[in-house]
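A.B. asks: Please read through the structure below; I'll follow up with questions.
The values are calculated or read from the model by the stated rules, or taken from the named source; none is laboratory data. For clarity, every value in this text was computed on a predicted model and none was experimentally measured. Glycine gets a Cβ as well: all are built from the backbone with ideal geometry, and neighbour counts include every protein chain shown. Just the protein is used for accessible areas: all its heavy atoms, side chains included, with ligands, DNA and RNA removed. Shrake-Rupley method; radii C 1.70, N 1.55, O 1.52, S 1.80 Å.
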Amino acid sequence: QIQLVESGGGLVQPGGSLRLSCVASGSISSIYRMAWYRQAPGKQRELVASITRTLSPNYAPSVRGRFTVSRDNAKRMVDLQMDNLRPEDTAVYYCHADQTGIWGQGAQVTVSS
């Protein structure tokens, strides 16, 4: 069973950018969809973006046009570029391998002035 490790979280001012990376310990080529979720304090975990193994992306309406998900099967990586960040984007972001039950440990993103 592969493991997923996220990196790249941090504190950023509103309007700023961050890039999250998720690296898998093994191949992700056979995993149909890789996804990024987030969970804010007191809220349910929600889907932010996903990308299929054929590189077809999908975004939550709240982040469409601001976030970009990418995937490199050879490097076993899934990235989330987050631009024009807003305070409401503050959450712990999780990488997830769809239909496997595998989650990363999470990366904190805080958007605040």
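A.B. asks: Quick one: in segment 29-44, of everything that is within 17 Å of the chain's Cα centre (by Cα) and small (Gly, Ala, Ser), which residue is least open to solvent (accessible area, probe 1.4 Å)?
C.D. replies: So, considering only residues that are within 17 Å of the chain's Cα centre (by Cα) and small (Gly, Ala, Ser), the one least open to solvent (accessible area, probe 1.4 Å) is Ala35.
A.B. asks: Residue check, Gly9 against (1) at pLDDT below 95; (2) open to solvent by less than 60 Å² (accessible area, probe 1.4 Å); (3) on the phi > 0 side of the Ramachandran plot, all met but one. Which one?
C.D. replies: Unmet for Gly9, out of (1) at pLDDT below 95; (2) open to solvent by less than 60 Å² (accessible area, probe 1.4 Å); (3) on the phi > 0 side of the Ramachandran plot: (3).
A.B. asks: Could you list, in sequence order, all residues of segment 1-51 that are within 14 Å of Val69 (Cα to Cα) and polar (S, T, N, Q)?
C.D. replies: Those that are within 14 Å of Val69 (Cα to Cα) and polar (S, T, N, Q): Ser17, Ser21, Ser50.
A.B. asks: Which numbered condition trips up Leu47, out of (1) without any contact (Cβ under 8 Å) to a residue 24 or more places away in the chain; (2) assigned to a loop (DSSP other than H, G, I, E, B); (3) open to solvent by less than 80 Å² (accessible area, probe 1.4 Å)?
C.D. replies: For Leu47, the exception is condition (2).
A.B. asks: Within the group Gly16, Gly26, Gly65, which residue is at positive phi, among the small types (Gly, Ala, Ser) and either in a loop (DSSP other than H, G, I, E, B) or surrounded by 15 or more Cβ atoms within 10 Å (Cβ to Cβ) (or both)?
C.D. replies: Answer to the selection: Gly65.
A.B. asks: Would you pick out the residues in segment 88-113 that are open to solvent by 40 Å² or more (accessible area, probe 1.4 Å), touching a helix residue (DSSP H, G or I) at 6+ places or on another chain (Cβ under 8 Å) and part of a strand (DSSP E or B)?
C.D. replies: Selection gives nothing.
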